[in-house]
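Since the structure comes first, as structure tokens, the remarks are kept for the end.
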Amino acid sequence: MTDQSNVAYGVAGVKKYYSIGDTITSMGDPADGFYILLTGKIGVYKKDFTVAEVNTRGTIFGELGCILGIPRTATLQAVEPTSVLFVRMTVNELVEKHPEFAKKLLVDLADRLTRTTESWWAVSGEPVPQ
């Protein structure tokens, strides 16, 4: 893995490169920053269960621990050669210095929550309440 300075969405961070199978961060690690996917694919795992795969360029991930001030809630691994921008910033700095990016993050989180809720309802076999 090598590091190189970079910027995405007007937010500065460190560009990091991972090979297939490299662990980016592990469940329980301190959440001292978040990531923006530049290239590749990330697997999101809780124990031996695949929670999700992140493969869309520009996706923000690993942000929950930073926002909530809790350890990482999942392990992140490179599924293919991957590059990310690692951003070390508090939620207060994010909102104060990068309000447009904070808005994008908020919308992305709401979208993810909606998709997760709909998936749970689909598994339950009951109609989604309107």
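General remarks:
- Total residues in region 73-98 satisfying the condition of being out of contact with any Cys (no Cβ under 8 Å at 6 or more places or on another chain) and either farther than 13 Å from T25 by Cα or part of a helix (DSSP H, G or I) (or both): the figure is 15.
- Selection of strands (runs of 3 or more DSSP E) fully inside region 1-72 by the criterion of at least 1 residues being at pLDDT below 95 and within 17 Å of L94 (Cβ to Cβ) returns 3-8, 11-18, 34-39.
- Residue within region 109-117 that is of a type in the set (G, A, S), more than 18 Å from V11 (Cα to Cα) and assigned to a helix (DSSP H, G or I) present: yes
- Filtered residues of region 83-97 (kept if modelled with pLDDT of 90 or more and either in contact with a Lys or Arg (Cβ under 9 Å, 6 or more places away or on another chain) or closer than 19 Å to L38 by Cα (or both)): S83, V84, L85, F86, V87, R88
- Within region 53-89, if we keep just the residues that are among the small types (G, A, S) and surrounded by 15 or more Cβ atoms within 10 Å (Cβ to Cβ), the residue that is nearest to N6 (Cα to Cα) turns out to be S83.
The values are calculated or read from the model by the stated rules, or taken from the named source; none is laboratory data. Computed from a prediction, not measured in an experiment: that's the story for all the values here. Cβ sites come from the backbone with ideal geometry, for glycine too, and all protein chains shown count toward neighbours.
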